[in-house]
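Trainee: Pasting in a structure now, in structure tokens, and then I'll have a few things to ask.
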Amino acid sequence: MQRDSLLERKETLQQLNNAKFGWFHIKACLVSGIGFFTDAYDLFIIQLAVIMIGMVYYHDEVRDGDTVIKKADKLYPVSETLLKQSALIGTLIGQLLFGYLADLLGRKKMYGTELLIIVFTTVTSALAANTAAPNGLTIVGMLIIWRFLLGVGIGGDYPLSAIITSEFANTKNRGAMIAAVFAMQGFGILTGSLVSLLVLFSFSNTLNSSDPLNYLQIDHVWRIIVAFGAVPGLVAIYFRMTIPETPRFTMDIKGDVGKAKKNAQQVLKNNSNDISEDGTSLDDSNQKIQKPSFYELKRYLSKWRNGKILLGTAMAWFALDVGFYGINLNQTTILKQMGFGSGSDLSQYEILKQAIYGNLITSALGTVPGYWLTVLFVDRWGRKKIQIMGFVALTILFTVMGLCKDILGHYLFITLYTLANLFNNFGPNATTFIIPGEVFPTRYRSTCHGISAASGKLGAIISQVWFLGLGADNFQAIMLVFAVFMAIGLAFTFLIPETKGKTLEEICEVQLKSSQIQCV
């Protein structure tokens, strides 16, 4: 019986690993990718929203004698940082929580739950307002709460989407499939700028009028662009909740090889008559549930050959996100250094338009192409080579921007900044997401991906604190700090194995004796 079970397991894995790229693979990428589109839209739209919130709720009157000069003010630096930090902190918690629960309860049981959280909190964020005085929360306080909860949902999407895509993918296209899911972030960021521009244009007549209260119309603008983030999430919820459990989880954790085989046939051939509507096997008598434990994970990671891989994935992601979120969550501030949205004589409409144009240019020319270059080359060149290339390029670019900003000239500096966005995504921002979804055994794959991703968000949180402490005026120092962290990420990359062309079972190459489950 055990021999038959091992033979069935081997056959099932061969089916998954050698399957032709087909409709189910495309569907898996789309269902997971829509979530990441939503994640990126919701995370990064805040950089434009904070400008508008400052204009509406922190609108100051400056008096010059009897003359009243109205100006577009901004959020206090601490308030702005907390507003950006809240979603990152929530994301960190969501990555750890959902990563563990997906290994404990199953990928399918958790998939879709995180998207429900995202959709709900996106809508509530768009409806946030000052609560009743005198002891009520301000709109910023309400947004901090809702965006923290939004972050929990976004955090859950990281390990779940990566692991589900990885475990359903064939060996030949696995890297490109995971990269394509993550590449939807680029379209999410780009769409955020496009939606913001279209909504702003729709209010152009009102905002350019002579009415002294026209700035209040900006309150409608930011609420509309934030609320739009719920739309793609709504589309994907049903498909996420109906996706079958991954055969690898069913075999290696639930211990039901027969059910896993049938699920694999269902998704790859879609012609098995022995599967019930919920994808369960008709005979569960031999099922042996072997849930992972923290003790087992600790023993696995205590071996240097295993622990060094988690150290490498976590530290590379940590170092990367110091720079990636440092520039992307503060992009409007950085773009002011390049002349976008700066100038005391600009109207509120022009400030917003130029800020959006700047974001649009960098995302269209750098961010989106970078992601899709990774999709194109990741299964040809390998994950590790692309990550090393990206870290080297970013170290050089941040160093040059930090040391030579004053002598580069306006257009050359924008070019270098756009190249930094390109190599972030044709480099470690994509590969730090891909690799943890491949290098760990099925029993710990989601947990370890969650730990790696949470390490990245810790770096993102720290970068916001540094940005606040150093201030935009110390832009060159900030770039040099980012360069140092790119070099740190490069060093830790060498602890990570190459996964190109290998099955998930060949990659882990370890026997989990405590559970009697073999990765190879």
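Trainee: Please enumerate the residues belonging to region 1-45 that are of a type in the set (S, T, Y) and modelled with pLDDT of 90 or more.
Mentor: Taking region 1-45 as the starting set, the residues that turn out to be of a type in the set (S, T, Y) are 5, 12, 32, 38, 41.
Listed by number, the residues that qualify are S32, T38, Y41.
Trainee: Right, next: If a residue must be in contact with an Asp or Glu (Cβ under 8 Å, 6 or more places away or on another chain) and hydroxyl-bearing (S, T, Y), how many such residues does region 1-31 contain?
Mentor: So the answer is 0.
Trainee: Ok, one more. Of everything in region 51-61 that's of a type outside the set (S, T, Y) and without any contact (Cβ under 8 Å) to a residue 40 or more places away in the chain, which residue is most open to solvent (accessible area, probe 1.4 Å)? Steps first, please.
Mentor: Applying the first criterion (of a type outside the set (S, T, Y)) to region 51-61 yields 51-56, 59-61.
Retained after the next criterion (residues that are without any contact (Cβ under 8 Å) to a residue 40 or more places away in the chain): 54, 60-61.
Numbers: G54: 0, D60: 66, E61: 106 Å².
Applying the filter and picking the extreme gives E61.
Trainee: Working only within region 245-267, note down all residues that are open to solvent by 10 Å² or more (accessible area, probe 1.4 Å) and within 27 Å of the chain's Cα centre (by Cα).
Mentor: Of everything in region 245-267, those that are open to solvent by 10 Å² or more (accessible area, probe 1.4 Å) and within 27 Å of the chain's Cα centre (by Cα) turn out to be E245, V267.
Trainee: Any residue that is farther than 30 Å from F44 by Cβ and modelled with pLDDT of 75 or more - is there at least one of those in region 233-246?
Mentor: So in region 233-246, the residues farther than 30 Å from F44 by Cβ come out as 244-245.
From what's left, modelled with pLDDT of 75 or more: 244-245.
Checked against the condition, which is being farther than 30 Å from F44 by Cβ and modelled with pLDDT of 75 or more, region 233-246 yields at least one hit.
Trainee: Taking region 383-420, which residues are open to solvent by 20 Å² or more (accessible area, probe 1.4 Å) and among the aromatic types (F, W, Y)?
Mentor: Scanning region 383-420 gives a single hit, Y411.
Residues checked against (1) more than 27 Å from C448 (Cα to Cα); (2) in contact with a strand residue (DSSP E or B) (Cβ under 9 Å, 6 or more places away or on another chain); (3) in a helix (DSSP H, G or I); (4) at pLDDT 95 or above:
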| position | (1), (2), (3), (4) |
| --- | --- |
| G312 | no, no, yes, yes |
| F324 | no, no, yes, no |
| S344 | yes, yes, no, no |
| E350 | yes, no, yes, no |
| K353 | yes, no, yes, no |
| Y357 | yes, no, yes, no |
| D379 | no, no, yes, yes |
| A393 | yes, no, yes, yes |
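Trainee: Follow-up question, since we're still on this one. Residues being in contact with a Gly (Cβ under 6 Å, 6 or more places away or on another chain) and either among the β-branched types (V, I, T) or open to solvent by 40 Å² or more (accessible area, probe 1.4 Å) (or both): count how many of those fall in region 1-46.
Mentor: So the answer is 2.
Trainee: Quick check on region 474-516: of everything there that is among the hydroxyl-bearing types (S, T, Y) and surrounded by fewer than 21 Cβ atoms within 10 Å (Cβ to Cβ), which residue is modelled with the highest pLDDT? Outline the logic, then answer.
Mentor: Residues of region 474-516 that are among the hydroxyl-bearing types (S, T, Y), as a first pass: 493, 499, 503, 514-515.
Narrowing further to those that are surrounded by fewer than 21 Cβ atoms within 10 Å (Cβ to Cβ): 503, 514-515.
Values: T503: 93, S514: 38, S515: 40.
Applying the filter and picking the extreme gives T503.
Trainee: Has region 421-441 got any residue that is over 27 Å from I46 (Cβ atoms), part of a helix (DSSP H, G or I) and either open to solvent by 40 Å² or more (accessible area, probe 1.4 Å) or of a type in the set (S, T, Y) (or both)?
Mentor: Within region 421-441, none of the residues are over 27 Å from I46 (Cβ atoms), part of a helix (DSSP H, G or I) and either open to solvent by 40 Å² or more (accessible area, probe 1.4 Å) or of a type in the set (S, T, Y) (or both).
Trainee: Could you please let me know if W317 is in contact with a Phe, Trp or Tyr (Cβ under 9 Å, 6 or more places away or on another chain), under 19 Å from N424 (Cα atoms), at pLDDT 85 or above and surrounded by fewer than 24 Cβ atoms within 10 Å (Cβ to Cβ)?
Mentor: No; evaluated as a whole, the condition is false for this residue.
Trainee: I'm trying to understand the selection: among the residues of region 140-185, which are without any contact (Cβ under 8 Å) to a residue 24 or more places away in the chain and either over 21 Å from G229 (Cβ atoms) or among the hydrophobic types (A, V, I, L, M, F, W, C) (or both)? Full working, then the answer.
Mentor: Within region 140-185, the subset without any contact (Cβ under 8 Å) to a residue 24 or more places away in the chain is 141-142.
Result: M142, single match.
Trainee: Just to be sure before I move on: is S204 surrounded by fewer than 20 Cβ atoms within 10 Å (Cβ to Cβ) and at pLDDT below 95 in the structure I sent?
Mentor: yes
Trainee: In the set I145, I164, which member is surrounded by fewer than 20 Cβ atoms within 10 Å (Cβ to Cβ), assigned to a helix (DSSP H, G or I) and aliphatic (A, V, I, L, M)? Don't jump to the end; show me each part of the working.
Mentor: Numbers: I164 fails: surrounded by fewer than 20 Cβ atoms within 10 Å (Cβ to Cβ).
Exactly one of I145, I164 is surrounded by fewer than 20 Cβ atoms within 10 Å (Cβ to Cβ), assigned to a helix (DSSP H, G or I) and aliphatic (A, V, I, L, M), namely I145.
Trainee: Does Q47 count as part of a helix (DSSP H, G or I) and in contact (Cβ under 8 Å) with a residue 24 or more places away in the chain? Spell out how you get there, then give the answer.
Mentor: Values: part of a helix (DSSP H, G or I): yes; in contact (Cβ under 8 Å) with a residue 24 or more places away in the chain: yes.
Criteria met by Q47.
Trainee: So which pairs qualify, if the first residue must be in region 88-108 and more than 30 Å from Q47 (Cβ to Cβ) and surrounded by fewer than 20 Cβ atoms within 10 Å (Cβ to Cβ), the second must be of a type in the set (D, E) and at pLDDT below 95, the Cβ gap must be under 7 Å, and the two must be at least 6 apart or on different chains?
Mentor: Between residues of region 88-108 that are more than 30 Å from Q47 (Cβ to Cβ) and surrounded by fewer than 20 Cβ atoms within 10 Å (Cβ to Cβ) and residues that are of a type in the set (D, E) and at pLDDT below 95, the close pairs are G106/E245.
Trainee: Related question: Pick from region 114-140 the residues that are among the polar types (S, T, N, Q) and over 18 Å from A40 (Cα atoms): which of them is most open to solvent (accessible area, probe 1.4 Å)?
Mentor: Of the residues in region 114-140, the ones among the polar types (S, T, N, Q) are 121-122, 124-125, 130-131, 135, 138.
Imposing the further condition that a residue be over 18 Å from A40 (Cα atoms) reduces the set to 130-131, 135, 138.
Details: N130: 87, T131: 60, N135: 146, T138: 73 Å².
Taking the candidates together, the pick is N135.
The values are calculated or read from the model by the stated rules, or taken from the named source; none is laboratory data. Computed from a prediction, not measured in an experiment: that's the story for all the values here. Methodologically, a virtual Cβ is constructed for each residue, glycine included, from the backbone with ideal geometry; neighbour enumeration extends over all protein chains shown. The area values use the complete protein model at the heavy-atom level, side chains included, leaving out ligands, DNA and RNA. Shrake-Rupley method; radii C 1.70, N 1.55, O 1.52, S 1.80 Å.
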